[in-house]
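What follows draws every value from the coordinates through simple rules; no lab data is involved. This structure is a prediction, so every number in the text was calculated from the model and none was measured. Please note: Cβ atoms are built from the backbone with ideal geometry, for glycine as well, and neighbour counts cover all protein chains shown.
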Amino acid sequence: MAITATEINKLRQMTGAGMMDCKKALTEADGDFEKAIDELRKKGQKVAANRSDRDSKEGLVVAKTTADNKRGVVLAVNCETDFVAKNEDYGKFVNNILEIAITKNPKNADELKALAYDNIITIADKLIEQTGVIGEKIELNKYEVVEAAFVTAYNHPGNRLANIVGFNMATVKADVAKDVAMQVAAMAPVAVDKGDVDAETIQREIEVGKEQARAEGKAEEMLEKIAMGKLNKFYKESTLLNQEFIKDAKKTIAQYMNDSEKGLTVTSFKRIALG
């Protein structure tokens, strides 16, 4: 069966596969588009299997909120090289997934991957297909959601870092929301406040503090007190509300928000960075 250039181009537009790959798939499928797409997916699955042990540390991280700013999502779709990450088609692919996440509201990465990418295949299958098309390991590496009275999204230039931040008040000023989101991006806090730090992290910081004090020759009976002092320093440096505001070191983030609007605080944040 003769395959026309129009048919080849149509399949290329549908899948993003190369012209020769599309022609071969259509020929093997006797012009049946669904079978041709399956053939391309099989190729993708084969490539994905061959590259399963490869590192995919490059890619794009993107964040967005719903129109009412009640929910935000941030996700990372990884690839192997910066060259692919900077490709315009790759950017469109990642942002298409972001739009689906905003529209369909999946609760986790597995739910997101199970959603339809288009009317043909799921996001999970599209990731496999793109592995075959691009020739690199492509994976949805991380996906996070925040719901709050007001959620803001911050995309750092270059799309290697993005975050979403939830506030307890819908009346938060846009510039304040942006400042806090930029604080999260720049200072990478591990939690919102002291009480949100997990027990394992706290215990690790205490043990590290003790070992540091012991290495400095401090008396054994003083180690616990010294370690607790170091833990308090960790809280100030690593929990968002207690960090010094990057634009005014005389204030903590908690003070900055309260000065803007009494009682304003952060309820949750999610930060994703490549590497």
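Subtracting the Cα-Cα distance of residue 5 and residue 83 from 0.36 nm times their residue separation leaves 25.2 nm of extension gain.
The charge dipole of the stretch 94-245, taken about its Cα centre with unit charges on the Cβ of Lys, Arg, Asp and Glu (plus for the first two, minus for the last two), comes to roughly 280 debye. Length gained on full extension, residue 49 to residue 196, computed as 0.36 nm times the residue gap minus the Cα-Cα distance: 49.0 nm. Every helix of 4 or more DSSP H residues in the chain counts as -39500 (n - 2.57), and over all residues that averages to -15000 deg cm²/dmol at 222 nm.
Less than 5 angstrom separates the built amide H of residue 267 from those of 166, 167, 168, all sequence-distant by 5 or more or on a different chain.
Find, to one decimal place in angstroms, the Kirkwood hydrodynamic radius of the stretch 58-162, where the mean of 1/r is taken over every pair of different Cα atoms and then inverted.
This gives a value of 13.8 Å.
Which trypsin sites (Lys or Arg not before Pro) in the stretch 154-208 sit in a loop by DSSP (not H, G, I, E or B) and have at most 14 other Cβ atoms within 10 Å of their own Cβ?
The qualifying sites are 173.
Straight-line cross-link reach from residue 262 at under 18 Å between alpha-carbon atoms covers these aspartates and glutamates, not counting any fewer than eight positions away in the same chain: 175, 179, 193. Cross-link partners for residue 10 among the lysines, with Cα-Cα distance under 23 Å and sequence neighbours closer than 8 places in the same chain left out: 23, 24, 35, 42, 43, 92, 126. Mind giving me the FRET efficiency for residue 67 and residue 262? R0 is 22 Å, r the Cβ-Cβ distance, nearest 0.05 is fine. It comes to 0.20.
With R₀ set to 25 Å, the beta-carbon distance separating residue 255 from residue 147 gives a calculated FRET efficiency near 0.45. Which parts of the stretch 167-204 would a label at residue 224 reach, counting a residue when its backbone N lies under 20 Å from a point 7 Å out along Cα-to-Cβ? Backbone N within reach: 199-204. Between residue 107 and residue 212, the contour length at 0.36 nm per residue exceeds the Cα-Cα span by 33.7 nm. Rounded to the nearest 20, the size of the Cβ-charge dipole of the chain about its Cα centre is 420 debye, with Lys and Arg at +1 and Asp and Glu at -1.
Only the Cβ atoms of Lys and Arg (+1) and of Asp and Glu (-1) were treated as charged; on that basis the dipole of the stretch 5-50 about its Cα centre amounts to roughly 220 debye.
In order along the stretch 104-121, the Karplus-derived 3J(HN,Hα) couplings, from 6.51 cos²θ - 1.76 cosθ + 1.60 at θ = phi - 60°, round to 8, 6, x, 8, 8, 5, 5, 5, 5, 5, 7, 6, 6, 6, 9, 7, 10, 9 Hz, and Gly and Pro are given as x. Eigenvalues of the alpha-carbon gyration tensor of the chain, scaled by 5 and square-rooted, set the equivalent ellipsoid semi-axes at 46, 23, 14 angstrom, largest first. All Cα-Cα distances of the stretch 17-97, cut into 5 Å bins from zero to the largest, leave 3, 13, 15, 16, 18, 14, 11, 6, 3, 1 percent in each bin in turn.
Placing unit charges on the Cβ atoms of the charged side chains and taking the dipole of the chain about its Cα centre, the candidate lying farthest along the positive direction among 11, 166, 85 is 166.
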